[in-house]
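Heads up, the thing below is written out as C-alpha cells.
The values are calculated or read from the model by the stated rules, or taken from the named source; none is laboratory data. Everything numeric here is computed off the predicted structure, so don't read it as measured data. Cβ sites come from the backbone with ideal geometry, for glycine too, and all protein chains shown count toward neighbours. Protein only, heavy atoms only, side chains kept; ligands, DNA and RNA dropped before computing areas. Shrake-Rupley method; radii C 1.70, N 1.55, O 1.52, S 1.80 Å.
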Amino acid sequence: MTAAAPRMKISYATLSADDEQLQAAFDAAVGEARAELGRDYPMFIGGIERTGDAWFEDRSPIDRELLVARFPVGTRQDVRDAIAAARAAFPAWRDLGWRRRLEIIRSAAELISERQFRYGALMSFEVGKNRLEALGDVEETADLLRYYADQMEAHDGFVLPMGSLSEAEHTRSVLKPHGVWGVISPFNFPMALSGGPAAGALIAGNTVVLKPSSDAPLLGWKFVEAMREAGIPDGVLNFVTGPGDTVGAELEENPGIDGMVFTGSYEVGMRLYRGFTRDYPRPIITEMGGKNPAIITASADLDEAAEGVMRSAFGFDGQKCSANSRVYVERSVAPEFVRLLVERAERIVVGDPTRRENWMGPVINERSLAKFRDAVAEAKQDGGTIATGGRVLTDGDRGRGYFPTPTVVTGLPTSHRLFRDELFVPFLVVGEVESLDEALRLANDTEYGLTAGIFSHDRSEITTFLNSIQAGVVYVNRRSGATTGAWPGIQSFGGWKGSGSSGKSGLGPYYVQQFLREQSQTVMGEEPPPA
Ligand code: UN1
C-alpha cells in the first residue's frame, strides 16, 4: 500500500462507510489490485513452490471476464507430499516452544494488518465482498492470530501443576500437539477461515496442510504469503489447491493427517466427519451451515429490528453461515416491521462491490444464482408474496456477473422448506407468529443451531429467549446485525446441533485447546524437567 494508507481498527460492526480517508485508501488499493489480477500462483509443499500440468481459473463473480488468478489442479500425490513435508517439519516446530511460535504468528498478524487494504481489495475482486466486509475479513484474520496467541500465553503453554498424593510425587497436566492438521476452508471468509483455523493448529505446535476453496484460493494464498514472510519454517504450513474429490479426499483418507478443521456445508461436513473417523477417533472440528432465525416480538423497537435484520440477511448477499435467513414476527407488528424492512432493502445499492456506492455485490457463482432464482420461483408458486426483490440484475456491466436483489418473502406457511433449507443467497422469509413461545418452537425446530437473534424490550421475553434458544451465538437487540458479525475475543462463534461438532467455538477462549491432547505426567522423587 501507499505510504498514506491509514491504520484503522476495522470490524464488521463498528466501521463507518463515511470515512473519507478509508475510502481513498481503498480506491488506491483497488487500482493496485487490478494490476495484480490474472497471475499464476503455486502451491507450497515443504517450503517449495509447486505447480503441475493443469491449472484452474479463479474468476471474479463481479465479472466473469475478469481472471483473478490461476492455481494448480493439485493431485493426490501433491497432497501426500504435503502431508509428508508437514510430518517431517512437526518435531522441530513442536520443540521450538510456544514463545517462539507466538513471535512468528504475531508478526504475521502485523503484516496482515498493514496490508489490510491490499488484501481487502483483492478479496473484493475474488469473492465480491463490499469494502467494509472485505476489510473486516482481513482484520479479523489478524485478530484471530493475535487472540489465539494470547490464549497460549495466558495459559502458560497449557502446562498445569496438579495435586499430589504424597510429597515424593510431582504431577502435571501437559497439553501437547497431535501432529499434522488438515484445514479445508470456504469461499465466504477466504482469509479469516483459512488463517484462523490454521493459526489455532500452528500455535498449539501442530503443522498444517491448508486447502482453500476452489472458488477463492487467492486470499488463502495471501495468508500463507504473510506467514512465510513472518518466518514460518518450511514445511510447517503447506498449501495445496484443487478439487474436493481428489485433494480434499486425500486429506480425509490419508492416515498421516491427525486432525482436521472443515468449514463449509452441512452435507460435505457430515460426510467428512463420518469418513475421517472411520477407522479411529481422530479429532475433527466441523463448522457447518445455519438457518439462522431472528425473532421480533410486539415489544421490539421495529426500526432497530429492521436495520439488524437487513444487515444480517443481505450483508455479503446472505453468504455467511451466520446470515439471518428467517424471521418470526408477532402478528400485531408484522405489517409495520415488513414495511420498514422493505424500505431499507430497497435502498440497498447492488453492483460492483469494489466501488464505494455498492453495498451488495454478486453471489459467488452461477450455481448460487440458480439457487436464488429457484427459491423465488418456488416461493411464488407456493403462494408466497415477494415483498421486495426477487430479481436478478443483468443490465450493463452487471450482466457479466451474478447480481441478485435483496429479497423478502412473506405469506408462506412456516412449515415450508424455505424456512428450513440453507440457501446462502440474499433471500429472507418472514413468518407471522402468535407468541414468543411459538417463535421459539419454530426457531429451534431445525437441524441447525448456529446463530440467532431477538428484538424485544421486555426483560422476561429476553430471559426466556436466552434460556431456550438452541444456538451457539445469540444476539439481543443488535442493530449492527441481528445474527452476524462475531469478532475474535468478543463473540465466540460456533454451532450447536448440525451446525458444528465441537461444542467449543472459533473466535473464543477455548479454541486453541482443541488442537491439543492431554498428557498427565507423574514424576517420583525429583522435580520434573521443564515441559
Ligand atoms: C461464516 O459465515 O462462515 O459472525 C462465519 C460472523 C463472522 C463469521 C461468519 N464473524 O458473521
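How would you classify the range 66-154 from its alpha-carbon gyration tensor, with a ≥ b ≥ c the square roots of the eigenvalues: rounded for a/c under 1.5, else prolate if a/b is greater than b/c, otherwise oblate?
Values: a/c = 3.18, a/b = 1.18, b/c = 2.70.
In terms of gyration-tensor shape, oblate.
Hey, got a sec? Which GluC sites (Glu not before Pro) in the range 289-372 land in a DSSP loop and have at most 14 other Cβ atoms within 10 Å?
E357
Treat every Asp and Glu Cβ in the chain as -1 and every Lys and Arg Cβ as +1, leave all other atoms uncharged, and give the resulting dipole magnitude about the Cα centre to the nearest 20 debye.
480
Got a sec to turn the phi values of the range 163-176 into Karplus ³J(HN,Hα) couplings, 6.51 cos²θ - 1.76 cosθ + 1.60 with θ = phi - 60°, whole Hz, x for Gly and Pro?
Computed from phi, the couplings for the range 163-176 are x, 9, 9, 8, 5, 7, 10, 10, 10, 9, 9, 10, 8, 10 Hz.
Provide the per-residue ³J(HN,Hα) series for the range 366-380, in order, calculated from phi with Karplus coefficients 6.51, -1.76, 1.60 and θ = phi - 60°, each as a whole number of Hz, with x at glycine and proline positions.
Those phi angles translate into 4, 4, 5, 5, 5, 4, 4, 4, 5, 5, 5, 4, 5, 4, 5 Hz.
Work from the charge dipole of the range 292-488 (Cβ charges, +1 for Lys and Arg, -1 for Asp and Glu, about the Cα centre) and give the residue of F455, S368, G390 farthest towards its positive end.
S368
So for the chain, taking the charge dipole from beta-carbon charges (+1 Lys/Arg, -1 Asp/Glu), which of G97, W496, A69 sits furthest toward the positive end?
With unit charges placed on the Cβ atoms, the residue in question is A69.
When a/c is below 1.5 the answer is rounded, else prolate if a/b is larger than b/c, else oblate, so apply that to the range 292-488 with a ≥ b ≥ c taken from the square roots of the Cα gyration tensor eigenvalues.
Prolate.
Could you work out the helix-only [θ] at 222 nm for the chain, with each DSSP H run of four or more residues adding -39,500 (n - 2.57) and the total divided by the number of residues, to the nearest 500 deg cm²/dmol?
-11500 deg cm²/dmol
Cα convex hull of the chain: mean projected area in nm², to one decimal?
Here the figure is 25.6 nm², rounded to one decimal.
In square angstrom, what is the accessible area per residue of the range 479-531 with a 1.4 angstrom probe?
Numbers: 2640 Å² over 53 residues.
On a per-residue basis, the range 479-531 sits at 50 Å².
Which percent of the accessible area of the chain is formed by carbon and sulfur heavy atoms (probe 1.4 angstrom)?
49
Helix 98-114 versus the longest principal axis of the chain: what is the Cα-based angle in degrees, 0 to 90, to the nearest 10?
So the helix axis and the longest Cα principal axis differ by about 40 degrees.
Taking the chain as the reference, fit the longest principal axis to its C-alpha atoms, fit the long axis of helix 302-314 to the helix C-alpha atoms, and give the angle between the two in degrees, 0 to 90, nearest 10.
The angle comes out near 60 degrees.
What whole-number distance in Å separates the alpha-carbon centres of the range 285-318 and the range 140-183?
Here the answer is 36 Å between Cα centres.
Note down the magnitude of the dipole of the range 253-336 about its Cα centre, charges +1 on Lys and Arg C-beta and -1 on Asp and Glu C-beta and zero elsewhere, to the nearest 20 debye. It would help to have the intermediate numbers written out before the result.
On the way: 9 positive and 12 negative charges, 92 e Å.
Here the range 253-336 has a charge dipole of around 440 debye.
If you put +1 on each Lys and Arg Cβ and -1 on each Asp and Glu Cβ, how big is the dipole of the range 292-488 around its Cα centre, in Debye rounded to 20?
Its charge dipole is roughly 580 debye.
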